[in-house]
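Report on the structure given below.
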Amino acid sequence: NTTNMKLSEKKEPETKEEKGNQLCHSLSNGAMNNIHRIQDLQLAEIEMSQIYDIKKVLAEGCYARVLLANHKNTESNVVLKAIYAELTPIKDFYREYHYSYHLSPHPNILDSYNVSFKCDNCYVFAQEYAPYGDLAGHVKLGGLSESVCKLIGNQLSSALDFMHSKELVH
């Protein structure tokens, strides 16, 4: 006895927010509870200079280096977050990458791309470049105008609400 069933086509998300809701669905379904399983995955090891031209170091700390790079094939600027492997377990790298990737579809959160690899004893993932920098770089003596503060407040609260809807706290 066989039954014929019509499978519905999966609709591809059209907007950044729809993509975020679809991708983050896995967060609300407990996928992040399984983060320990990914520590067995291996990252491809690449020679960064074959794919990217490093323009400059944007930031550097004890655990990571943030690089502005130009992707050679697409001629687009990206940020490469290079996390030092000797100080960071692979599980922690995947956790940060996973959170960044699945939250990035929100319009007020930078995009993280489906690009991760190992290079020069670092775990690396690619993110959208923010050419205007971060908020702290724009706050001058005397502060910001009320209208700018309201705009920034709305954007921040929207992003935080999105993260909280996924049961995450920043």
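Kindly indicate which of A126, A159 is open to solvent by less than 60 Å² (accessible area, probe 1.4 Å) and outside any helix (DSSP H, G or I).
From the options A126, A159, the qualifying one is A126.
Checking the condition at pLDDT 95 or above and open to solvent by 80 Å² or more (accessible area, probe 1.4 Å), which residue from K140, K150, K81, K72 passes?
K150
Out of everything in the stretch 69-89 that is part of a loop (DSSP other than H, G, I, E, B) and out of contact with any strand residue (DSSP E or B) (no Cβ under 6 Å at 6 or more places or on another chain), what residue ends up being farthest from K55 (Cα to Cα)?
Among residues in the stretch 69-89 that are part of a loop (DSSP other than H, G, I, E, B) and out of contact with any strand residue (DSSP E or B) (no Cβ under 6 Å at 6 or more places or on another chain), the one farthest from K55 (Cα to Cα) is P89.
So which residues in the stretch 90-110 are open to solvent by 40 Å² or more (accessible area, probe 1.4 Å) and either within 14 Å of V124 (Cα to Cα) or not in a helix (DSSP H, G or I) (or both)?
Of everything in the stretch 90-110, those that are open to solvent by 40 Å² or more (accessible area, probe 1.4 Å) and either within 14 Å of V124 (Cα to Cα) or not in a helix (DSSP H, G or I) (or both) turn out to be K91, D92, R95, E96, H98, Y101, P107, N108, L110.
The values are calculated or read from the model by the stated rules, or taken from the named source; none is laboratory data. None of these values were measured; they are calculated from a predicted model. Note that we place each Cβ from the backbone using ideal geometry, even for glycine, and neighbour counts take in every protein chain shown. Keep in mind that these areas ignore ligands, DNA and RNA; they rest on the heavy atoms of the full protein, side chains included. Shrake-Rupley method; radii C 1.70, N 1.55, O 1.52, S 1.80 Å.
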